[in-house]
Structures are given as C-alpha cells and as structure tokens.
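What follows is one structure encoded as structure tokens, with my remarks underneath.
The values are calculated or read from the model by the stated rules, or taken from the named source; none is laboratory data. Model, not experiment: these values are computed from the prediction. All Cβ positions, glycine included, derive from the backbone under ideal geometry; neighbour counts span all protein chains shown.
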Amino acid sequence: MEAGNRFADGDYRNWLKANEVLQILRRRLRVFLENETETYHLSLRGELSGTLNGAACQDKCDGKAWGKAPKRVPDSCPVCCRWAKAILANHKTKTVHWRNCQPCLWPQLKWEVAKAFMPGGHEGHGKFEDFDIAALLNLMSNCTYFKKFVRPEPITKVIHVRNQLMHSPQLHVSDQNLQQYCSMVCTLAGLLEKHVEELKITDLSNEVDKFCDLLEKCFSEPLQSMRENYQTFLEAEQHLFKEKIESLIQRYESDQEGVEEELQGIRTFLQQNTDLQEKLGPQMELLQMRVDHHEQQITDLNERVDQLEKAESKER
C-alpha cells in the first residue's frame, strides 16, 4: 500500500490530525515549561540550601538502584536523600519512577528533577526535545508546583487523549472522537492561556485548522500542486510512528500482554505500507530486540524452574 492509499482513509487522517493537535500543544508549551521547570528547580535549591550548605553527592547515586521503592525515599547519601524527600513532598501520587533520574545531578539539572514526575522510560533524556507530550503533561499533573497554573483534571483528560491515540491498534479516530479530543486540548489551552502567551486559543485553533485543511486538500488535489505539503505530512507521520514505537519499547517490559495487540497492529500496518516500513526499520529492529530479549529471559527462567523441580523430585 502506498502513502496515497492509506491517506485516503478518513479515520486514519483523523488519527494523524488528533496527534498533530498534541504536537502543536507540545510546541506551544515549550517556553512556559522551560521557564517554570527552571523556577521550580531554583525554588528547591533555595529550600535545601540551608540544610545542605552547598554539599554535593559523593556517591554518584543512580536512580536505577532505587527502582523498586517508588513510594519512599531509598537509602542514599544525605544530599540525594534530602532532594528525594523534597521531590516526594511535591509529588501528587507519591509514586516516583526513580529509574528516570540521576539523583547526583539533581542540584545542577532541572530536567533531572522534572523526570521524577514523569512516567518510566526517560533514563537517557535530559532536554525538552527528548520528552513527548505524555511526559510533559504528567510533569504538570504530578508536580504540585503547577497547581497554581491549572488543576490536574484537565491535564489528565488530555493525557487520556494521548493514550487513546498512542495505544490504538487500528490507528483510527472517528469524526466524533476527533472533535472531542480537540475540545479537551482547547479547554486545557484556554485554562493556561493567561499564563502561556503561546496558547492563545485563536492562534492554536488557527494552527490546528491550517494543518487539518492542508491535509484534506493535499489528498484531494493533484500531487504535483501539493508536493511540498505532501512531504511535510509524510515527515510528520514518520515522526509519529517513531514516537509510537519508542512508547512500545518503554512499556514492553512492564506490560507485555497489554502491548501485544498494539505490537501486532503496527507490524501488520507496516507490512502493508512498505514505504513506512523501510523508513522505520531501525526503530522496529530495536523493538524486536527488546521482544527477543524478554522471550529469552522467560525461556531461561522456565529452564531454571524445570531444573529445580527435577532436583526436588530426586531428593524425595
């Protein structure tokens, strides 16, 4: 199936439109989040300066060693322990993905602190460009610092929209759902508008409408007249699939059964769309490596259980 054929599917185009709405929201939140994560980080540094007196972590504490203690402060050096307590005090759910973080870098890097409020899977990330809209919205929802700008409930609704889109095996969105999703995003933008100049509803709506109108026009007019826009949509589509595959990789270890349908869905879709399959080859290889590694772990575990059972039966 060529690109033109899949773009002829109205529900697939709606899926692309809804995802682009989230990308537009993400881009327009950038300046606000860069500034406010900096302000929040400085406030924590000021709060802790009296007790730490400029002390730094000497043990190179690594959050990977803390992963099994999400709701408490793990044993660590005094510096990282103080920072972890401050983070927990500002965490809405008190369930922290410590594995995201390098605690020894908390005093220096704002995004290392911000990652404590995000879902798992952000270990190697360290700047705005690295974080998808789900990570950024979870930061705003989970960190109580952001309550002064907006309540968590409208953010949670947009997180739900993102999850519905990203976890959809069929990659389809109905006209009705597209309208609902856009409404939820615009509601959040409206609540933040007085704090975020880039989220003026008229500007955001105009950008959304422009993308949607161009997408419809691009696949209803001769290709030659819309070649530049056509390429833009192909690039946006490719970026979206890279994000979806990365999401599958991040979630696979903790929820194999939950992602199995999605995994099969994206495999089937790419087999039917060889142009995308070729462009996404490296990402799919990485995903397959994760699947193979997990299956090998299961095989090794089963063999070990069999050996133990045989040893027990001999002893009897």
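Worth pointing out:
- Restricting the stretch 69-96 to residues that are assigned to a loop (DSSP other than H, G, I, E, B) and among the β-branched types (Val, Ile, Thr), the residue that is farthest from Met140 (Cα to Cα) is Val73.
- For the stretch 269-281, residues that are within 14 Å of Leu248 (Cβ to Cβ) and part of a helix (DSSP H, G or I) total 2.
- Where a residue in the stretch 158-180 is closer than 19 Å to Ile133 by Cα and touching a residue at least 24 places away in the same chain (Cβ under 8 Å) and its partner, wherever it lies, is assigned to a loop (DSSP other than H, G, I, E, B) and not polar (S, T, N, Q), with Cβ under 8 Å and at least six apart: Leu165/Val173
- Tally, over the stretch 124-157, of residues that are over 17 Å from Tyr40 (Cβ atoms), under 14 Å from the mean Cα position of the chain (by Cα) and surrounded by fewer than 18 Cβ atoms within 10 Å (Cβ to Cβ): 4
- A search for C-beta distances below 7 Å between a residue of the stretch 30-47 that is outside the structural domain of Trp83 (by TED's automatic domain parsing) and any residue that is at pLDDT 95 or above, counting only pairs 6+ apart in sequence or on different chains, returns nothing.
- Summed over the stretch 10-26, the residues that are in contact with an Asp or Glu (Cβ under 8 Å, 6 or more places away or on another chain), under 14 Å from Ala189 (Cβ atoms) and not hydrophobic (A, V, I, L, M, F, W, C) give a count of 1.
- Selected residue [modelled with pLDDT of 95 or more, of a type outside the set (S, T, N, Q), in contact with a helix residue (DSSP H, G or I) (Cβ under 9 Å, 6 or more places away or on another chain) and over 24 Å from His160 (Cα atoms)] from Leu136, Leu109: Leu109
- Residue in the stretch 20-33 that is surrounded by fewer than 20 Cβ atoms within 10 Å (Cβ to Cβ), over 20 Å from the mean Cα position of the chain (by Cα) and either of a type in the set (Gly, Ala, Ser) or under 20 Å from Glu198 (Cα atoms) (or both) present: no
- Look at (1) at pLDDT 85 or above; (2) of a type in the set (A, V, I, L, M, F, W, C); (3) crowded, with 18+ Cβ neighbours inside 10 Å and you find that Val259 fails only one, number (1).
- Tabulated pairs, the stretch 57-68, first more than 17 Å from Thr95 (Cβ to Cβ) and assigned to a loop (DSSP other than H, G, I, E, B), second modelled with pLDDT of 90 or more and among the β-branched types (Val, Ile, Thr), C-beta under 6 angstrom, 6+ apart or interchain: Cys57/Val79
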